[in-house]
Every structure is written in C-alpha cells, then in structure tokens.
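To start, the structure itself, in structure tokens.
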C-alpha cells in the first residue's frame, strides 16, 4: 500500500492569497450574473422598443389619413362634387318629369282634337243627310237655315238664288234681316256679285261686325255651286255673341254648303217644277177626258 502524501503545511500568506482568489472568483460570478441580466433586460427593451416603433408608425399613418380626411378643402370639394351630382340627378329627373308631363298633355290634347273631329264629322254627316233627305224645296231651304244657325252660329244672314231670266241674285230666305228690304244683286257687282261671278268664298278680315248691318259689307259670302256654275250665295252679316271666331269645322261647313246645299236646292227645284208640270198635264188630261 502506498502511503498518502504528506500535506504541505500552509503559511498565512498562502491562506490569504486563496481567500483573495475566492473573493475575486465570487465577484466575477456575480458580475457575470449581473451582466447576463443586463443583456437580457437590454434585449427585452429592444423588443419593446421595436413594438413601440411599429405602433408609432401605424399611429402616424392613421393620423395622416385622418388629417387628409379632415382637411377643409378636401371635405368642401367632396361636398361640392356630391352637390353637383345631386343637382345633375335632380335636373335629369325634372327633365324626365317634364317630358312625361308634355306627353300627357299631348295625349290629352290629341284626345280633345279627336273628340272634336268626331263631333265635327257627326255634324257634317247630319247636315249632309238632312240636305238630301227631302226633295221639297221649302224644306231644303229651311234645313239650310237651320244648318247656318245651329252649326255655323250665324245670327243675321240671307240666302240668295240666281234668277236666270234677270241674271240677278234674289233673296229666297233670311234670318234677322227683312227679305223685302234686301235688294236684288247684279252678278259681278259688289262683293256679293263678284262672289257669284268668280265662285270663290269671301271672308272679311275684320271679324268684328258693325253695330248696324251694312248690306254691301258682308262678313262671309259662300257661293253655292254645281261644279263651276254658281246658283246662289249664302251671305252672313252677324254671328251669335258667343261666336268670336271661326273654327276648322266652319270652313268644312262652308265647303259642304257650297256643294251639297247647291245640289239639294237644284234637285228640289227641278222636282218641284216637274211636280207642277205633272199637275198641269194631269189637269189638261182631266179636261180632255171629261
């Protein structure tokens, strides 16, 4: 067996040196621990700082966006642009409404015109039918008077027919004017005579009637023609008070009277003359056979 080495006795200086080394090592350990904690704390601070920097950047961006949104000029421009859009939409809606309103008015006006045309056609048909509904001369004259009064609205007028033997126009019917006071009209003389000669309608430009009826100043002259031959003239002097102007149907009636009335008068006169001749022949035959 080996003998243990003998311990070397330590001197006081050696003990003091060891104690000093032990203290230095302990301080070094403490310093390392403190340094490690400082490094860890620094790293933690760096991480927190990075988060704060990121948050600051986000806040700055949000703040810039908010500032831009809250800038007065931008807000006013947005409001003005919106107002302009609303005004434009309002004008478009107003224009559409105006167009629809105009279409409604056009439809209503067209409906009124169609109703008026139908009424006028009915009146013209009735007048034409009445003129050709009889061959009695007196009845035809009376129908013509009623047409002029009720459809044209005349208050004072005369009906003159041509006398082939005298070549003059003689009054055969009148309304509001005495037949006895109305003189015969020579063909080609005055307004009435020229209408009988030319066969063209006459309508006075001054629609207002004078207070006193003037024979040589008629309001309207309507020639009664069979083809181009004038057999008479209807002369209007004054209209009813509610009649302030001529309507389209009045001019249609002028045309109707110029043709249909002339034909009805001519036919009824021929029929009346043939009836008189037939009665005369029958009288002679009765005398001869007795």
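Coordinate-derived values only; no laboratory data. Values in this document were obtained by computation on a predicted structure and should not be read as measured data. Using ideal geometry, Cβ is built from the backbone for each residue, glycine included, and neighbour counts are taken over all protein chains shown.
Dividing the alpha-carbon radius of gyration of the range 55-189 by the rule-of-thumb value 2.2 N^0.38 Å gives 2.75.
Pairs of Cα atoms nearer than 8 Å and 6+ residues apart set the relative contact order; for the range 142-231 it is 20 percent. A simple spin-label model places the labels of residue 90 and residue 56 5.1 nm from each other, with each point 7 Å out along Cα-to-Cβ.
Considering only 62, 211, 146, the mean-square fluctuation computed in a Gaussian network model of the chain, springs between alpha carbons under 10 angstrom, is largest for 62. Against the chain, whose longest principal axis comes from its Cα atoms, helix 12-69 is set at around 10 degrees.
Give the shape of the range 136-209 as rounded, prolate or oblate, defined through the alpha-carbon gyration tensor: a ≥ b ≥ c are the square roots of its eigenvalues, a/c under 1.5 means rounded, and otherwise the shape is prolate if a/b is larger than b/c and oblate if not. Display every interim value, and only then the final one.
Numbers: a/c = 1.66, a/b = 1.11, b/c = 1.50.
Oblate shape, in that a/c is at least 1.5 and b/c is the bigger or equal ratio.
The residue 139 and residue 179 beta-carbon pair, evaluated with R₀ = 22 Å, returns a calculated FRET efficiency of approximately 0.75.
For every helix of n ≥ 4 consecutive DSSP H residues, a contribution of -39,500 (n - 2.57) applies; sum these over the chain, divide by its total residues, and give [θ] at 222 nm rounded to the nearest 500 deg cm²/dmol. Provide the component values of the computation, followed by the final result.
Working: 6 runs with 175 residues, N = 290.
Estimated from H runs of four or more residues: -21500 deg cm²/dmol.
Between residue 274 and residue 167, what is the FRET efficiency for a Förster distance of 22 Å, r being their Cβ-Cβ separation, to the nearest 0.05? After rounding to 0.05, the efficiency reads 0.35. For the residues 26, 130, 84, a GNM of the chain with alpha-carbon springs under 10 Å puts the largest fluctuation on 26.
Taking the C-alpha atoms only, the angle from helix 262-289 to the longest principal axis of the chain is near 30 degrees. Against the chain, whose longest principal axis comes from its Cα atoms, helix 137-147 is set at around 30 degrees.
Taking all Cα pairs closer than 8 Å and separated by 6 or more residues, the relative contact order of the range 127-279 comes to 26 percent.
Highest mobility in the GNM of the chain, judged by mean-square fluctuation with C-alpha springs under 10 Å and restricted to 142, 29, 77, is found for 29.
Test of understanding: ordering 172, 87 by Cβ neighbours within 10 Å, fewest first, what list do you get? The partial results should precede the final answer.
Details: 172 17, 87 10.
The fewest-first ordering by Cβ neighbours comes to 87, 172.
Listed from fewest to most Cβ neighbours within 10 Å, the set 177, 143, 114 follows the order 114, 177, 143.
With the contact rule set at Cα under 8 Å and sequence spacing of 6 or more, what percent relative contact order holds for the chain? Mind dumping the intermediate values first?
Values: 253 pairs, mean separation 41.0, N = 290.
After rounding, I find 14 percent.
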